[in-house]
Amino acid sequence: MAARIVIGLLLSFAGLVVVARRAWFLFRLVANGKPDPGRMTDIGAQVKAELMDVFAQRKLLRRSIPGVAHFLTFWGFIVLILTIIEAYGDLFSKTFAIPLIGHGRALGFLEDFFATAVLVALATFTAIRIRQNPARRERRSRFYGSHTGAAWFTLFMIFLVVATLLLYRGAQVDTGDFPYGKSWWPFASRLLGGAFSTLSHSTNMGIETAFILAQLAVIWSFFVFVLHSKHLHIFVSEPNVLFSRRPKALGSLGSTPDLDPEHMTEDTVFGTGQIGHLTWKQRLDLISCTECGRCQDQCPAWATDKPLSPKLLIMDLREHLFASSSELLSGSEIPAGGVAAKPLVPDVIEPDVLWSCTTCGACVEQCPVDIEHVDTIVDMRRYEVLVEARFPTEAALMLRNIENQGDPWGLGQSHRLDWTVGLGFEVPVVTSTIPDGAEYLFWVGCAGALDERARRTTQTIARLLHQAGVVFAVLGPKESCTGDPARRLGNEYLYQTQAQTNVETLKAAKVTKVVASCPHCFNSITREYPALGGDFEVVHHTQLLEKLLAEGKLQPETPVSAKVTYHDPCYLGRHNEVYDEPRGVLAQVPGVQVTEMHRHRRTAFCCGAGGARMWMEEKIGTRINVNRTDEALATGADVISTACPYCMIMLDDATKSRQAEGSAPESVRVLDVAQVLEQSLVAPPAAGPGSADDSFD
Ligand code: SF4
Ligand code: SF4
């Protein structure tokens, strides 16, 4: 007895020393990051996310088989903490029981149930890994690039934790030390006890002692291994989820830097150029990655053979963080030639990786530990644009156009009202303040006002609002780009200049309610302008149309015989959770048969235009818009519908190119949800701008 106490305590002490040293190092490495204020401002939402994403494993359970296996392992570990306490108690006393908990039959059952469940989960993980092993080196595998050796070792260690537990408990059944008496509720231990019953008492005593000590040794070895491997997430994902932005790190970007020159010091850095520029939360993100590849699996850039994988980006930054740790924690200036002084781009992250991102948010949406990839990517872009002036040359023209002409195409404010010509009714234009009686300011957007295809949608929306008796006005030449493409490209200066001007214009016009047709404008005004003092009630046109239908102000009557598939724009769906309203509008069009693509709602595939990619050449891999359009065409739809002018342009281009190749029916059309609705409100299709080309009957 004394020997087992001494051995148990010695190995625990050794394990504790190593674990404590490593935990302190990790804590300092994270805490040494830049400040990130405002991480605990919505405690209710944060606690709810912790309960849902950590304890209920909400995101993991979206994939049912690995999700259930992970759920059982997670809860198995929580319940089995009790058995570790009991193992320590057993070192000292054969009659040890956890205070207040004791040795009820239910506890015995719970412990054995979860021990068995963890073994089943391990068998499942093993089967998944063996099945996927041949494909693991393929780009399409979500485990491509992950550290698989460590994952196998972890499975083996978890197996040892449970195996040693059941073995010593089985032996206890025969030595008389089993704390649950003759009850069969701890069924697994009882079964093993039956198997050991032919052994002598002293042999069972030896097995009991050996496996109690083995369990303690395995547990401490496991702790040490976990803290030195990617399985660190077992301990750090909980705080990472707790401190993540709520409701999620999409919509607005994570930070709106103060660009006032009077508030700048010599330490002010724009964006993230070196590893030391990361905030503590971004560092916590890096060490929380489980390498599960769920983000990579959904990334449109990766799926179309570009070099960007959100998982590999996080892993590369993490590796560099650890390589730089001694310099970061030295307390001295980073030496000029030091590891931590390396420019993240291009030394750690290739430029083509950085510029491939469409900011679609699929990675953030999928990540089970709530890593905020988009914020980190845009922070690195900010540094490249604002400090290094390095970015794709094609994007320079877009930035210049916004700066000089107020729109990315450089057509100028004088064309902002061209779409109103021939509408058949007058659209009030704000001169000083919004006209009396105008309920909404219709924010048309640059594409909606200036792109020929998007203009047709704008005209349709205007006609529908007019028909429903909604009084609205537009800013016309006073409207300027919201700044979204500049911001997602990394030009925060230009974004804030645009945004501040627009906020002032809207305020001066005494606007309170805005309807926007472009999800990027909708997102900027709703989610990002409040940080610059612009608080307006904003709806997307699909939301307003659904409301007007519900109120009976629009009454679809003419059947529209068409099979329609709906493409979720990333900035309407994932970034703002508007999934139901566009579908609600389509559902009310008589005759329309809606068919969903495989990737829809939160897993919808990007069109390729976001993140300012619309203005960059797509030189690597295959085209994102063609990938998405092929999926839409595969549904056999007559109409690919959407609710975003960018998506409209991208999908229309891809459809036309497939039609030119002869691989898509000539009859297929790309239309906004509003245009589909309009077909059912007018019979025959209305003459006038925007209607004739959109007829698909
Ligand atoms: S935002 Fe979209 S494109 Fe960018 S890394 Fe994430 S999934 Fe890939
Ligand atoms: S970033 Fe998130 S989703 Fe991607 S591999 Fe890491 S844990 Fe998985």
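The values are calculated or read from the model by the stated rules, or taken from the named source; none is laboratory data. All figures in this text were calculated on a predicted structure; none of them were measured in a lab. Here Cβ is always computed from backbone atoms with ideal geometry, including for glycine, and neighbour counts include all displayed protein chains.
Checked against the criteria, Tyr566 counts as crowded, with 19+ Cβ neighbours inside 10 Å and touching a Ser or Thr at 6+ places or on another chain (Cβ under 8 Å). Reported count of residues in the range 355-367, each being outside any loop (DSSP other than H, G, I, E, B) and either over 21 Å from Val269 (Cβ atoms) or within 16 Å of ligand 2 (Cβ to nearest atom) (or both), is 5.
Rundown of residues vs (1) of a type in the set (Gly, Ala, Ser); (2) in contact (Cβ under 8 Å) with a residue 12 or more places away in the chain, yes/no style:
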position	(1), (2)
Ala14	yes, yes
Arg22	no, yes
Met52	no, no
Phe71	no, yes
Leu82	no, yes
Pro99	no, no
Ala117	yes, yes
Val120	no, yes
Phe125	no, yes
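Scanning the range 382-412 for residues that are in contact with a Lys or Arg (Cβ under 8 Å, 6 or more places away or on another chain) and either assigned to a helix (DSSP H, G or I) or within 16 Å of ligand 2 (Cβ to nearest atom) (or both) yields a single hit, Glu384.
Among the residues of the range 167-196, which ones are out of contact with any Ser or Thr (no Cβ under 7 Å at 6 or more places or on another chain) and aliphatic (A, V, I, L, M)? Correct list: Leu167, Ala171, Leu191, Leu192, Ala195. Is there a residue being without any contact (Cβ under 8 Å) to a residue 60 or more places away in the chain, basic (Lys, Arg) and either away from ligand 1 (no atom under 16 Å from the Cβ) or at positive phi (or both) anywhere in the range 339-347? Taking every residue of the range 339-347 in turn, none turns out to be without any contact (Cβ under 8 Å) to a residue 60 or more places away in the chain, basic (Lys, Arg) and either away from ligand 1 (no atom under 16 Å from the Cβ) or at positive phi (or both).
The single condition among (1) among the hydrophobic types (A, V, I, L, M, F, W, C); (2) over 33 Å from the mean Cα position of the chain (by Cα); (3) surrounded by fewer than 18 Cβ atoms within 10 Å (Cβ to Cβ) that Leu532 does not satisfy is (2).
So which residues in the range 228-264 are small (Gly, Ala, Ser) and either within 16 Å of ligand 1 (Cβ to nearest atom) or closer than 13 Å to Val364 by Cβ (or both)? Please lay out each step first, then the result.
Within the range 228-264, the first condition is being small (Gly, Ala, Ser), and the residues that meet it are 229, 237, 244, 249, 251-252, 254-255.
If the condition is that a residue be small (Gly, Ala, Ser) and either within 16 Å of ligand 1 (Cβ to nearest atom) or closer than 13 Å to Val364 by Cβ (or both), then Ser244, Ala249, Gly251, Ser252, Gly254 are the ones that fit.
Annotation: of all residues in the range 165-183 being in contact with a helix residue (DSSP H, G or I) (Cβ under 7 Å, 6 or more places away or on another chain) and over 18 Å from Leu110 (Cβ atoms), the one that is surrounded by the fewest Cβ atoms within 10 Å (Cβ to Cβ) is Asp177. Within the range 429-478, the residues that satisfy the criterion of being under 22 Å from Ser414 (Cβ atoms) and of a type in the set (D, E, K, R) are Asp451, Glu452, Arg453, Arg455, Arg456, Lys478.
Looking for whichever is touching a residue at least 40 places away in the same chain (Cβ under 8 Å) and either of a type outside the set (Lys, Arg) or away from ligand 2 (no atom under 16 Å from the Cβ) (or both) here; the options are Asp267, Asp316, Asp258, Asp297. Which one fits? Residue meeting the stated conditions: Asp297.
Per-residue answers, yes or no, for (1) surrounded by fewer than 17 Cβ atoms within 10 Å (Cβ to Cβ); (2) touching a Ser or Thr at 6+ places or on another chain (Cβ under 8 Å); (3) of a type in the set (Gly, Ala, Ser):
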{"residue": "Thr198", "(1), (2), (3)": "yes, no, no"}
{"residue": "His231", "(1), (2), (3)": "no, yes, no"}
{"residue": "Phe235", "(1), (2), (3)": "yes, no, no"}
{"residue": "Leu242", "(1), (2), (3)": "no, no, no"}
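Considering every residue within the range 129-148, establish whether at least one is buried (at least 17 other Cβ atoms within 10 Å of the Cβ), assigned to a helix (DSSP H, G or I) and at pLDDT 85 or above. There is no residue in the range 129-148 that is buried (at least 17 other Cβ atoms within 10 Å of the Cβ), assigned to a helix (DSSP H, G or I) and at pLDDT 85 or above. Taken over the range 312-338, residues that are assigned to a helix (DSSP H, G or I) and either within 16 Å of ligand 1 (Cβ to nearest atom) or crowded, with 20+ Cβ neighbours inside 10 Å (or both) amount to 10. Only one entry of Asp285, Asp316, Asp297, Asp347 meets the criterion of being within 26 Å of Met40 (Cα to Cα) and of a type in the set (Asp, Glu), and that entry is Asp285. I'm trying to understand the selection: among the residues of the range 622-659, which are β-branched (Val, Ile, Thr) and assigned to a helix (DSSP H, G or I)? If the condition is that a residue be β-branched (Val, Ile, Thr) and assigned to a helix (DSSP H, G or I), then Ile624, Val626, Thr629, Ile649, Thr655 are the ones that fit. Here Lys563, Lys619, Lys553 are screened, and the one residue that is among the basic types (Lys, Arg) and not in a loop (DSSP other than H, G, I, E, B) is Lys563. Within the range 300-313, the set of residues being more than 8 Å from ligand 2 (Cβ to nearest atom) and either over 22 Å from Arg623 (Cβ atoms) or not hydroxyl-bearing (Ser, Thr, Tyr) (or both) comprises Pro300, Ala301, Trp302, Ala303, Asp305, Lys306, Pro307, Leu308, Leu312, Leu313.
Checked against (1) surrounded by fewer than 19 Cβ atoms within 10 Å (Cβ to Cβ); (2) at pLDDT 95 or above, Pro261 meets all criteria but (2). Kindly indicate whether Val578 is farther than 21 Å from Leu489 by Cα, surrounded by fewer than 24 Cβ atoms within 10 Å (Cβ to Cβ), of a type outside the set (Phe, Trp, Tyr) and under 18 Å from the mean Cα position of the chain (by Cα). So Val578 passes the test. Between Asp370, Asp379, the distinction of being within 16 Å of ligand 1 (Cβ to nearest atom), in a helix (DSSP H, G or I), closer than 30 Å to Arg58 by Cβ and modelled with pLDDT of 95 or more belongs to Asp379 only. If only residues of the range 292-305 that are outside any helix (DSSP H, G or I) and closer than 28 Å to Ser229 by Cα are counted, the one that is nearest to ligand 1 (Cβ to nearest atom) is Cys299. Residues in the range 40-76 that are more than 25 Å from Val118 (Cα to Cα) and not hydroxyl-bearing (Ser, Thr, Tyr): Met40, Asp42, Ile43, Gly44, Ala45, Gln46, Val47, Lys48.
Considering the range 419-444 alone, what residues qualify as being among the aliphatic types (A, V, I, L, M) and not in a loop (DSSP other than H, G, I, E, B)? Don't jump to the end; show me each part of the working.
Keep residues of the range 419-444 that are among the aliphatic types (A, V, I, L, M), which gives 421, 423, 427, 429-430, 434, 438, 441, 444.
Once the filter is applied, which keeps residues that are among the aliphatic types (A, V, I, L, M) and not in a loop (DSSP other than H, G, I, E, B), the range 419-444 yields Val429, Leu441.
Taken over the range 272-295, the criterion of being in contact with a Phe, Trp or Tyr (Cβ under 7 Å, 6 or more places away or on another chain) and at pLDDT below 95 is satisfied by Gly293 alone. For the range 265-290, a residue qualifies if it is buried (at least 23 other Cβ atoms within 10 Å of the Cβ) and either near ligand 1 (Cβ under 10 Å from one of its atoms) or not in a helix (DSSP H, G or I) (or both), and the qualifying residues are Thr272, Leu278, Cys289.
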